[in-house]
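The values are calculated or read from the model by the stated rules, or taken from the named source; none is laboratory data. Computed from a prediction, not measured in an experiment: that's the story for all the values here. Here Cβ is always computed from backbone atoms with ideal geometry, including for glycine, and neighbour counts include all displayed protein chains.
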Amino acid sequence: MIISRTPLRISFCGGGSDLPSFYRDHGGAVLSMSIARYVYLSMHDYFGGEGFILKYSRLETPRDVGEIQHRIIREVFDSYGLNGVDFNSSADVPAGTGLGSSSAFTVGLLNLCNAYRGRYEGRAALAARACEIEIEKLGEPIGKQDQYGCALGGLNFIEFHPDESVDCEAVPITLAMRQKMERNLVMFYLGGTRSASAILKQQNAAAATDRRVTDNLRAMVEMARGLRRDIVGDVDVLGGYLHEGWMRKRELAAGITNPRVDDAYDRARAAGASGGKLLGAGEAGFLLAYCPDGTRDAVVAALPDCQAYDVRFDAIGTTIIYSD
């Protein structure tokens, strides 16, 4: 039995600039943090011998890799020449809630298959391969930030260059600063799940044709650079950056926000949150809020209809937690 554990991520600034329609012309950058909520994948030899048993949100028992319905599993298993395995997936939060679970799944699956085959790849290499699978081979209209944010662990400044190269820099903050961030950050589950594809398709098209969207994304890249510079001096700057970024993100495509999201965000701000954002592509999932100066309890009380969740830092990234 081999088990991989891969963290989910929250993106603070620059989301959308990791889409190819933007970074191939202008370059992109995000600041994101891996969090201690995970996708767990396990695999061992299949008792039945040939074929597969695959347990995720569905149960599959295909005889051949080409019969696998899950597109990511099919692509990855085919690339490793796997057969005769029993595979299981579970996660701390539902898919489609804005925390990068699909890319965490892909990264974790590659890590799991490497361990099963007795191979090793570094975390950045796993992220690059996950991008290749999701974007190039499967044609998903997504960006590159989730794969790197989930693979690397920690707080990272990630740049996306027109030549398709990616640079990753760990942002150095002290233990005391990290603990302050954890105290002041809270996620609210607004309910619902969504596929990011439709919204990201709109953003991809708009980034190529709409000057207002392009200008907003350029500003968001500069915000990511500014936050990387400023957060090492004072983590409380995060709230202001989150607020400005959310105001800009709302303008990138239709469907990013809705009245329920706007109402929850306004209530959080009125109760003392200095900023926040809806995580992921938009429309549903988790609302992130930064609550400085002891305002966390008041902010949580202001959203009694939304379940509140702590935000804890993951410093490791994707890893094999069991192998026997």
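Given the structure, is Arg37 modelled with pLDDT of 95 or more and farther than 17 Å from Asp146 by Cβ? If you could, list the steps in order and put the result at the bottom.
Numbers: modelled with pLDDT of 95 or more: yes; farther than 17 Å from Asp146 by Cβ: no.
No; evaluated as a whole, the condition is false for this residue.
Of the helices (runs of 4 or more DSSP H) that lie entirely inside region 97-182, those containing 1 or more residues that are surrounded by fewer than 16 Cβ atoms within 10 Å (Cβ to Cβ) and out of contact with any Gly (no Cβ under 7 Å at 6 or more places or on another chain) span 101-117, 123-131.
Conditions tested, residue by residue: (1) surrounded by fewer than 18 Cβ atoms within 10 Å (Cβ to Cβ); (2) over 22 Å from the mean Cα position of the chain (by Cα); (3) not assigned by TED's automatic domain parsing to the domain that holds Lys144.
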| residue | (1), (2), (3) |
| --- | --- |
| Gly245 | no, no, yes |
| Asn258 | yes, no, yes |
| Leu288 | no, no, yes |
| Ala302 | no, yes, yes |
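To keep it simple, each residue is scored yes or no on (1) free of Cβ contacts under 8 Å to residues at least 12 places away in the same chain; (2) among the hydrophobic types (A, V, I, L, M, F, W, C).
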site	(1), (2)
Arg117	no, no
Tyr120	yes, no
Ala125	yes, yes
Cys131	no, yes
Glu134	no, no
Ile142	no, yes
Asp146	no, no
Ala151	no, yes
Phe157	no, yes
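Looking across region 13-51, just one residue is crowded, with 24+ Cβ neighbours inside 10 Å and more than 30 Å from His243 (Cα to Cα), and that is Leu41.
Scan Gly118, Gly108, Gly122, Gly149 and give me the residue that is under 25 Å from Asp236 (Cβ atoms), modelled with pLDDT of 95 or more and not aromatic (Phe, Trp, Tyr). Before the answer, list the steps.
Working: Gly118 fails: under 25 Å from Asp236 (Cβ atoms); Gly108 fails: under 25 Å from Asp236 (Cβ atoms); Gly122 fails: under 25 Å from Asp236 (Cβ atoms).
Going through Gly118, Gly108, Gly122, Gly149 in turn, just one is under 25 Å from Asp236 (Cβ atoms), modelled with pLDDT of 95 or more and not aromatic (Phe, Trp, Tyr): Gly149.
When region 77-96 is filtered for residues that are modelled with pLDDT of 95 or more, surrounded by 17 or more Cβ atoms within 10 Å (Cβ to Cβ) and closer than 28 Å to Phe313 by Cβ, the ones remaining, listed by number, are Ser89, Ala91.
Restricting the search to region 51-73, which residues are free of Cβ contacts under 8 Å to residues at least 24 places away in the same chain, in a loop (DSSP other than H, G, I, E, B) and not polar (S, T, N, Q)?
Filtering region 51-73 for residues free of Cβ contacts under 8 Å to residues at least 24 places away in the same chain gives 58-70.
Narrowing further to those that are in a loop (DSSP other than H, G, I, E, B): 58, 61-64, 68-70.
Selection gives Arg58, Pro62, Arg63, Asp64, Ile68, His70.
Regarding Tyr241, is this residue touching a residue at least 40 places away in the same chain (Cβ under 8 Å), in a helix (DSSP H, G or I), closer than 21 Å to Arg178 by Cα and of a type in the set (Ser, Thr, Tyr)? Yes; evaluated as a whole, the condition is true for this residue. Considering Arg260, Arg248, Arg228, the condition of being under 25 Å from Ser101 (Cα atoms), in a helix (DSSP H, G or I), among the charged types (D, E, K, R) and modelled with pLDDT of 95 or more is satisfied by Arg228 alone. Among the residues of region 22-35, those identified as outside any loop (DSSP other than H, G, I, E, B) and either over 19 Å from the mean Cα position of the chain (by Cα) or under 23 Å from Phe87 (Cα atoms) (or both) are Arg24, Asp25, His26. If you go through region 57-73 and keep only what is more than 22 Å from the chain's Cα centre (by Cα), buried (at least 17 other Cβ atoms within 10 Å of the Cβ) and within 21 Å of Gly139 (Cβ to Cβ), you end up with Val65, Ile68.
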